[in-house]
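Everything on this sheet refers to the single structure shown next.
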Amino acid sequence: MLTAVLGWSAAALTISLMWPQIWTSCVRRRTAGLSPTATWLGVALPAGWIEYGLLIGDPVQIATNAVGTGAGIAVLVALLAARPELRTRRAGLGAASGAVALLLATVATAGLSNLPHADPRALSSALGVVLTGAVLLANVPQPLALLRDRGQDLSGVSGSRWVLGAASNLSWAVYAAALGQPAVVVCSVTGLLCSLVVCFVLATARRPRAAALATA
């Protein structure tokens, strides 16, 4: 019972954290500071986790990431619409290569799972390893990009999304640890650390501006 509560609480937090970024990117049309690589993976990763959830029979994973896939597509469309240079062949291949590789791995796993005598647990473990690597690739670019250039325009990065992301990843880590899902634990802890870094960068970037307004 407690595990189910933890799982659906993590799902609710994950679904909630998507809307601040959708509002910022799709409604207010602000995309400055978003990492193209992370945005592309924001579409491919939920699709991979849906297949992972199907393999292990986890409805929480399936429901959460079904919503996540739609949210990722919305933010990606907003990013490509606002930044035409990302629609060029060279830039597109560079940013989307990891996402395409992950989608191919997901499709291959889904195909193998339909073969006679397929072992869903073994396939879920293999896909979990791939997803863990993809999560590292997806989470690291955003905080790294913010740390490299502390003076860049951050108006396209939703602070609320990353605060909710920290809470969501913490919940997923506890939930996955209770169910014995090491891939999800590693991904959640990584996401938690990256979320905290982004929150720190956003918080410290706003202090000089607030101080200047107070002085004025």
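The values are calculated or read from the model by the stated rules, or taken from the named source; none is laboratory data. What you are looking at is a predicted structure, and each value in this text was computed from that prediction instead of being measured. Ideal geometry is used to build each Cβ from the backbone, glycine not excepted, and the neighbour counts take in all protein chains shown. Heavy atoms of the whole protein, side chains included, go into the accessibility calculation; ligands, DNA and RNA do not. Shrake-Rupley method; radii C 1.70, N 1.55, O 1.52, S 1.80 Å.
What to note about this one:
- Criterion applied to A108, A122, A95, A91 was being part of a helix (DSSP H, G or I), under 14 Å from L41 (Cβ atoms) and either at pLDDT below 85 or open to solvent by less than 60 Å² (accessible area, probe 1.4 Å) (or both), and the one residue passing it is A95.
- Applying the set (1) under 13 Å from the mean Cα position of the chain (by Cα); (2) free of Cβ contacts under 8 Å to residues at least 60 places away in the same chain; (3) more than 24 Å from V184 (Cα to Cα) to L34 leaves exactly one unmet item: (2).
- Residue-level check: of (1) of a type outside the set (G, A, S); (2) surrounded by fewer than 16 Cβ atoms within 10 Å (Cβ to Cβ); (3) more than 15 Å from L45 (Cα to Cα), V129 misses just (3).
- Residue that is nearest to V197 (Cα to Cα), among those in region 134-144 that are part of a helix (DSSP H, G or I) and open to solvent by 40 Å² or more (accessible area, probe 1.4 Å): L144
- Out of R150, R161, one residue alone is buried (at least 21 other Cβ atoms within 10 Å of the Cβ) and modelled with pLDDT under 85. It is R161.
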